[in-house]
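Please treat every number below as a calculation from the coordinates, not as lab data. Computed from a predicted model, the values in this text were never measured in an experiment. Because the Cβ atoms are built from the backbone with ideal geometry, glycine has one as well, and the counts that use them run over all protein chains shown.
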Amino acid sequence: MASVTMSESKPSGFMPAAFRNATADALCMVAVLLLVALAAFIFGSAAMQRVVTYAAIMLTAVLGLQIFSGNSGIVSFGQAAFVGLGAYATGILTMPTALQRTALRDLPQFLAGYQLSFFAALAVVLALAVIVGLLTGTPLLRLSGSSASIATLAMLIIVYTLLVAGREITRGSQPFYG
């Protein structure tokens, strides 16, 4: 009787080939984006730096949306609510106190008079996003399909209304600079 032996093949690393290729592609893309950003900030004008910064912000929002929608299959409109909350919170927390006194005269006492560094504000905004995410995400986890999409749209409308109605904090529909 002939014996059949299977050759022992050792995997070439701890990751499957598809994941390894995707990781290499992602790292190459990140390297190219970092080089473009670095070149824009070293050699570019102030206008070019603003364009690259805006593009990086939009890329972050789009990637967040793709990661959520791609993994869950739910189209989320609420992503923009988190972008808006983060933008306003960062703007308020990093705004110089002199500008706060003139631009946001009615700012609540717990926010007035504080100017944080960007990284300190980033930590506060991250904590805010986690809290809001837990409060809104817990009920949304029970929904699926189009009802979840409609609920995320409702969340976006609620956050937008709160940001526009909160004139003391956000200046309402007037431009905000920080």
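Looking only at the stretch 65-92, filter to residues that are among the aliphatic types (A, V, I, L, M) and touching a residue at least 60 places away in the same chain (Cβ under 8 Å); which one of those is nearest to Leu126 (Cα to Cα)?
Checked the stretch 65-92; the qualifying residue nearest to Leu126 (Cα to Cα) is Leu85.
Of all residues being in contact with a Lys or Arg (Cβ under 9 Å, 6 or more places away or on another chain) and aliphatic (A, V, I, L, M) in the stretch 90-119, which is surrounded by the most Cβ atoms within 10 Å (Cβ to Cβ)? Just the residue, please. Please lay out each step first, then the result.
The first filter runs over the stretch 90-119 and keeps only residues in contact with a Lys or Arg (Cβ under 9 Å, 6 or more places away or on another chain), leaving 103-104, 106-107, 112-113.
Those left that are additionally aliphatic (A, V, I, L, M): 103-104, 107, 112.
On the way: Ala103: 17, Leu104: 21, Leu107: 19, Ala112: 15.
Among those that are in contact with a Lys or Arg (Cβ under 9 Å, 6 or more places away or on another chain) and aliphatic (A, V, I, L, M), it is Leu104.
Out of the stretch 157-169, which residues are crowded, with 18+ Cβ neighbours inside 10 Å and within 19 Å of the chain's Cα centre (by Cα)? Give the steps one after another, and end with the answer.
Within the stretch 157-169, the subset crowded, with 18+ Cβ neighbours inside 10 Å is 159, 163, 169.
Result: Val159, Leu163.
How many residues are more than 12 Å from the chain's Cα centre (by Cα), outside any helix (DSSP H, G or I) and of a type outside the set (Ser, Thr, Tyr) if we restrict to the stretch 60-83?
Taking the stretch 60-83 first, the residues more than 12 Å from the chain's Cα centre (by Cα) are 69-77.
So of that shortlist, the ones also outside any helix (DSSP H, G or I) come out as 73-77.
Filter once more, so that each one left must be of a type outside the set (Ser, Thr, Tyr): 73-75, 77.
Of the residues in the stretch 60-83, 4 are more than 12 Å from the chain's Cα centre (by Cα), outside any helix (DSSP H, G or I) and of a type outside the set (Ser, Thr, Tyr).
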